[in-house]
1. Go through (1) touching a residue at least 12 places away in the same chain (Cβ under 8 Å); (2) more than 22 Å from Asp109 (Cα to Cα); (3) not aliphatic (A, V, I, L, M) and name the single condition Pro43 misses.
2. Given (1) in contact (Cβ under 8 Å) with a residue 40 or more places away in the chain; (2) over 29 Å from Arg299 (Cα atoms); (3) of a type outside the set (S, T, N, Q); (4) part of a loop (DSSP other than H, G, I, E, B), where does Glu147 come up short, assuming only one miss?
3. Quick check on my filter: what residues within the range 145-169 are in contact with a strand residue (DSSP E or B) (Cβ under 6 Å, 6 or more places away or on another chain), under 22 Å from Ala242 (Cα atoms) and buried (at least 21 other Cβ atoms within 10 Å of the Cβ)?
4. Only one of (1) out of contact with any strand residue (DSSP E or B) (no Cβ under 9 Å at 6 or more places or on another chain); (2) closer than 24 Å to Gly84 by Cα fails for Asp63. Which number is that?
5. Residues being surrounded by fewer than 20 Cβ atoms within 10 Å (Cβ to Cβ) and more than 21 Å from Gly154 (Cα to Cα): count how many of those fall in the range 107-144.
6. I'd like the full set of residues that are under 25 Å from Arg297 (Cβ atoms) and charged (D, E, K, R), limited to the range 28-76.
7. Taking Gly219, is it closer than 25 Å to Ala79 by Cα and small (Gly, Ala, Ser)?
8. Quick check on my filter: what residues within the range 261-285 are among the aliphatic types (A, V, I, L, M), over 21 Å from Gly154 (Cβ atoms) and not in a loop (DSSP other than H, G, I, E, B)?
Amino acid sequence: MSRRPVLVLPDTSEDTLALLDASGAMARLEARGEVRVHLGRAPDAATFAARVADADGVMLAWDFPSEAFAAAPRLRRIAFCGSGASSYVDLALAAAHGVDVTTAPGYGDRAIAEHALGLALATLRAIPAADATLRAGGWEVAHQGRELSGATVGLVGWGGIAKAFARLLEGFEATILVHTRSRAPGEREGAVTFVSLDELVARADVVSLHLASTPETAGILDARLIAAMRPEAILVNTARGALVDEAALVAALEAGRIAGAGLDVFAHEPLAAASPLRRLPNVVLTPHVAYRTRQARTRLYDRVVESLVSFDGYLSDEAG
């Protein structure tokens, strides 16, 4: 009897398991192979390597330490629970070890776009600060918010999330500017005008980031561009913290050189307890949860599980 593939969830959570059970995805995994579950992120690389040592396939939620490849000689597929696997897996090293890495692009486009909209509205209207004041026993009505309707919104990037956000913004009759390397400044697409990055930050009331984290995009919103933003402008980031010079952003927020920021991602996660971002009243923070809706996560796990169960490249008994 041929050996069934070992499918490992090395860093999953109770709520993920509940979704997998409810959707029938766990049953599909169990029908395909022997499923091994580990709750929570491994405390160190050695522990992670031990978790995946016998794996043929891995359903990965977080980082795959480079040293774990040598510890998992049978591993042939990593199904990453997201779209930006390069931030979590050394793809070149995976290929060198004969490991195929798959992703789930587009699963959370609508969820993340809605979260970006929520951060923009919450920041423009200072909703969390008003809520906190009221819960503390106050009744402060002096704050004057600003409307998103009719505002100029600049989107940095033009992938699925940015396009979903642009569709939402059309309902606010916003002027939508987009910077992307694939389109020349001055081109138009529906309600969107493509512009240079310098023009975008100089004109936008809301600057929203929608780029993958790569060596080319690291620090793309640097101190110079932050300084070029309008004093009334806010920054929204639901993409990756590495896109922003965080120290320059904090300095601009503290000095009032920009009006605020709505951030779901940070240079280092989890956000340090001592981070100045935690104490700034003009910042709205969420803990990297823009993608976390039940609908988006169901789509995600359906695709990830399909990647593992449909794969026919697992090693045979003789190849182990």
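1. Of the numbered conditions (1) touching a residue at least 12 places away in the same chain (Cβ under 8 Å); (2) more than 22 Å from Asp109 (Cα to Cα); (3) not aliphatic (A, V, I, L, M), the odd one out for Pro43 is (1).
2. Just one mismatch for Glu147, condition (1).
3. Result: Val153, Gly154, Leu155, Val156, Ala162.
4. So Asp63 meets the others, but not (1).
5. So the answer is 18.
6. Matches in the range 28-76: Arg28, Glu30, Arg32, Glu34, Arg36, Arg41, Arg51, Asp56, Asp63.
7. No: the conditions fail for Gly219.
8. Scanning the range 261-285 gives Leu277, Leu285.
The values are calculated or read from the model by the stated rules, or taken from the named source; none is laboratory data. None of the values given here were measured: they were computed from a predicted structure. Backbone-built Cβ (ideal geometry, glycine too); neighbour counts: all protein chains shown.
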